[in-house]
Amino acid sequence: MPDVMSSSRLIGVGVGPGDPELVTVKGVNALRDADVVVVPVMDTGERGRAEATVLHYVGVEKVVRVVFALNERTDRARREAAWDAAGERVAQLLREHGTVAFATIGDPNVYSTFTYLAQTIGEVVPGTVVETVPGITAMQDLAARSGAVLTEGTEPLTLVPVTAGSAVLKDALQGPGTVVAYKFGRQAAEVAEALRETGRIEDAVWGSALGLAEESIRSAAHLDGSPLPYLSTLIAPARREGGRGGKL
């Protein structure tokens, strides 16, 4: 058993938005070098994107599935209880192994489950070294697949989780730069309305299941208010005038 006060390592590994080819070489090495790889699953038990991606690079015997309250937003007591249970399970793994990797879709420092886990482990297993390996984000993948340019010159870039409310998105759309919206599938109608009201819908694009068999990438102008997959991503590019280099 390792000395947890000096040698335990918890590594958050970003495994990208779903396409296994978008895991970095450093990410693959971290997954393979770890003693165990934790993947978050919902209490329904279904295989998530992180797990599916990880299994392209490590054997199933090395993967530990841990239930997290990934979509619990209303019942705080239930969410906290689930987080405590998940944190204790990972703490147990750290006490038994030297290095535990935690696979998270996208990047571990961008709206990631890993952030909360790391805070919990810092309290439960003091002395654990926490590291992260960056991953490709959904907005980068969608930009590449759709041809949407995220930023030019002096343009700002605003990333908004629509779970914060469509009003936050509308405020961002009234600004000068590119706006990216995450997790907007359940509020697709409100998002379409905000895009139309701010005159940003024609150039905007949305995508879901990027890199997977069920991938969908479409113009936001075709949004009809129907619910979309929860993890849908939207890019509303900045208004660009003045030709090449106009924003320099």
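In the set (1) open to solvent by 50 Å² or more (accessible area, probe 1.4 Å); (2) of a type outside the set (Gly, Ala, Ser); (3) farther than 21 Å from residue 111 by Cα, residue 195 fails one condition alone, (1).
Can you name every residue in the stretch 175-194 that is small (Gly, Ala, Ser) and either closer than 17 Å to residue 208 by Cβ or part of a helix (DSSP H, G or I) (or both)?
Passing the criteria: 181, 185, 188, 189, 192, 194.
Against the criterion of being among the hydroxyl-bearing types (Ser, Thr, Tyr) and surrounded by 21 or more Cβ atoms within 10 Å (Cβ to Cβ), residue 178 qualifies.
Selection of first residues in the stretch 225-248 that are closer than 19 Å to residue 49 by Cβ and of a type in the set (S, T, N, Q) and of second residues that are outside any loop (DSSP other than H, G, I, E, B) and modelled with pLDDT under 90, restricted to Cβ pairs under 6 Å at least 6 apart or on distinct chains, gives the following pairs, ordered by first then second residue: 232/185.
Look at residue 159 and say whether it is open to solvent by 30 Å² or more (accessible area, probe 1.4 Å), part of a strand (DSSP E or B), at pLDDT 90 or above and not β-branched (Val, Ile, Thr). When the stated conditions are applied, residue 159 passes them. Within the stretch 221-233, can one find any residue that is assigned to a helix (DSSP H, G or I), open to solvent by 50 Å² or more (accessible area, probe 1.4 Å) and not small (Gly, Ala, Ser)? The answer is yes; a qualifying residue exists.
Note on the stretch 126-146: among residues that are part of a loop (DSSP other than H, G, I, E, B) and open to solvent by 60 Å² or more (accessible area, probe 1.4 Å), the one that is nearest to residue 29 (Cα to Cα) is 134.
The values are calculated or read from the model by the stated rules, or taken from the named source; none is laboratory data. Computed from a prediction, not measured in an experiment: that's the story for all the values here. Glycine also receives a Cβ, built like all others from the backbone with ideal geometry; neighbour counts cover every protein chain displayed. Areas reflect the complete protein model, heavy atoms only, side chains present, ligands, DNA and RNA absent. Shrake-Rupley method; radii C 1.70, N 1.55, O 1.52, S 1.80 Å.
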